[in-house]
Amino acid sequence: MEHKSADKIQDLQYFGEFGGVNPSISDSSTYTFLSAKTMFDTFEGNTEGCYLYSRHSSPSNLYLGEAMAALEGTESANVYASGMGAISSVVMQLCDTGDHIISSRTIYGGTYAFMKNFIKKFNIKTSFLDITNLELIEKSITPKTKMIYCEAVSNPLLEVADLPSLSKIAKKHNIPLVVDNTFSPLSISAAKLGADIVIHSLTKFINGTSDCVAGAVCASSDFCLSLKDVNDGAAMLFGSTLDSLRAASILKNLRTLHIRIKKHSENTLYLATQFEKNGLKTVYPGLKSHSGHECFKKQMTSEYGFGGLMTLDVGSLDKANALMEMMQKENLGYLAVSLGFYKTLFSAPGTSTSSEIPEGEQKEMGLSDGLIRFSIGLDNDIHKTYLTMKRCMEKLGILKNDAVFVS
Ligand SMILES: *Cc1c(COP(=O)(O)O)cnc(C)c1O
């Protein structure tokens, strides 16, 4: 398969007002019209190139949206104030009261809480299922089902969704496949693999500097327009609009995404390979031992690797906490949620980003107490990082001199 997403992003040229190499930032919430007729037409949504009010759209947001559409190869894309702003808008746009959603059971904690708790008030029900069980997914579709929702690579367990197969099922039943591709930009081109709507939290790899929250929806022009419809667009009416200054700074960071993803993947594969050799329970889709390894390989654009996330199970929550504190003291990274930063970030998902998921359900999906999720940074000397991490683990009795894993 031919993927040219990174080239397409590089090719997008936007010049500033005075010939600047970056586009001018639209520093306005509202826009003047030369004629009253044009204002009416813009309200009706049929005047190309006219801006009305920045909650609807702004030049800076449109630039970033175009770059996101180029990234995923979709017709269009909208950008939002957060990943959750994008996710909640899509769900509310697609669902009516009484509808049903089929979702992967291993998803971001906020998405899980939104689907499980929040939309209950609209009597929208979600079945949280094992996304790798295609038979079960198809069997669970009812006439009320409005979408199949999953993450291409899931948070935090790094389960890999078979997007072409899920897309086939979705098409057969005439419902959209909605994919959150936050963990695997460039590595997995979700829309090209059959997703109808691709969501990103730009907060993570795409922005990559952990200085803001933002999100995007990449989809058909029709769907993107429907989200910002002044009469019934979920995004327009809930108002999770991204600020233009932020859109401009995220666009600049997006320009280097391809280089960063390669380095994140290279470093993570190195550490995962080493720690697995050392006998630690290591989960990384780049390892042959990972249940989704073949599925990832079949879908990936190989030059970008298997991504920057891995998990290690160090046996217990106490050990996980002690290790994370020690690694932070050694300046190996930060004990923090989120991902995609230049610095390694680590957290215990059971007590942080997935704490919305009840304990019993965490166990069922394989989320154990001693699990640490790592977003591996852009370390220049990853071997040195490995040696320092290993020394921490030896000190805490998680690893014994070079060999056995003591649980
Ligand atoms: C962080 C994250 C989100 C939510 O994004 P925000 O920008 O924090 O609102 C959604 N999905 C995944 C997979 C995430 O990692």
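Here the relative contact order of the chain, from alpha carbon pairs under 8 Å that lie six or more residues apart, stands at 16 percent. Pairs to check: 192/288; 262/298; 281/400. Give those whose C-alpha atoms are more than 21 Å from each other in this structure. Those over the limit are 192/288. Taking the DSSP bridge list for region 287-407 and keeping only pairs wholly inside it, about 75 percent are antiparallel.
About the centre of its Cα atoms, region 157-200 shows a dipole size close to 240 debye [charges on the beta carbon of Lys, Arg (+1) and Asp, Glu (-1) only; nearest 20 debye]. Remark: region 255-316 carries a charge dipole of roughly 200 debye about the Cα centre, counting +1 on each Lys and Arg Cβ and -1 on each Asp and Glu Cβ. Taking 19 Å as the straight-line reach from the Cα of residue 8, the aspartates and glutamates in range (excluding those fewer than 8 positions away in the same chain) are 66, 72, 75, 303.
Rounded to two decimals, the Cα-based Rg/Rh of region 222-307, with Kirkwood Rh, is 1.20. Under a model in which nothing but the beta-carbon of Lys, Arg (+1) and Asp, Glu (-1) is charged, the chain shows a dipole of about 740 debye around its Cα centre.
Just checking the listed ones, 266, 325, 66: in the Gaussian network model of the chain with Cα springs under 10 Å, the one fluctuating most is 325. When the helices of the chain are scored as -39500 (n - 2.57) per DSSP H run of n ≥ 4 and the total is divided over every residue, the value at 222 nm lands at -10500 deg cm²/dmol. With kT/(6 pi eta Rh) evaluated at 20 °C and eta = 1.002 mPa s, and Rh the Kirkwood radius from Cα pairs, region 120-275 diffuses with a coefficient of 123 µm²/s according to Stokes-Einstein. A cut-off under 12 angstrom between Cβ atoms defines the neighbours of residue 191, and their net charge, with Lys, Arg +1 and Asp, Glu -1, is -2. Projected onto their three principal axes, the Cα atoms of region 1-132 cover extents of 52, 43, 24 Å, largest first.
For the pair region 227-270 / region 61-80, the C-alpha centres are spaced 9 Å from each other. Here the Karplus curve 6.51 cos²θ - 1.76 cosθ + 1.60, taken at θ = phi - 60°, turns the phi angles of region 380-387 into couplings of 6, 10, 6, 5, 4, 4, 4, 4 Hz, with x standing for Gly and Pro.
Looking at the chain alone, DSSP beta bridges between its own residues are antiparallel in about 55 percent of cases. Convex hull volume per residue, computed on the Cα atoms of region 80-181, equals 89 Å³. Give the whole-number value, in cubic angstrom per residue, of the convex hull volume spanned by the C-alpha atoms of region 299-383. So the per-residue Cα hull volume is 118 Å³. Note on residue 120: lysines with a C-alpha under 27 Å away, same-chain residues under 8 apart excluded, are 139, 144, 146, 171, 228, 363. Modelled spin labels at residue 172 and residue 364, positioned 7 Å past Cα toward Cβ, are 2.5 nm from each other. Which one of 322, 78, 30 is farthest out on the positive end of the charge dipole of the chain, using unit charges on Cβ (Lys, Arg +1; Asp, Glu -1) and the Cα centre as origin? Farthest towards the positive end: 322. Its residue count N sets the reference 2.2 N^0.38 Å, and the alpha-carbon radius of gyration of the chain equals 1.01 times that reference.
A short reminder: the numbers here are calculations on the coordinates, not readings from a lab. None of these values were measured; they are calculated from a predicted model. Using ideal geometry, Cβ is built from the backbone for each residue, glycine included, and neighbour counts are taken over all protein chains shown.
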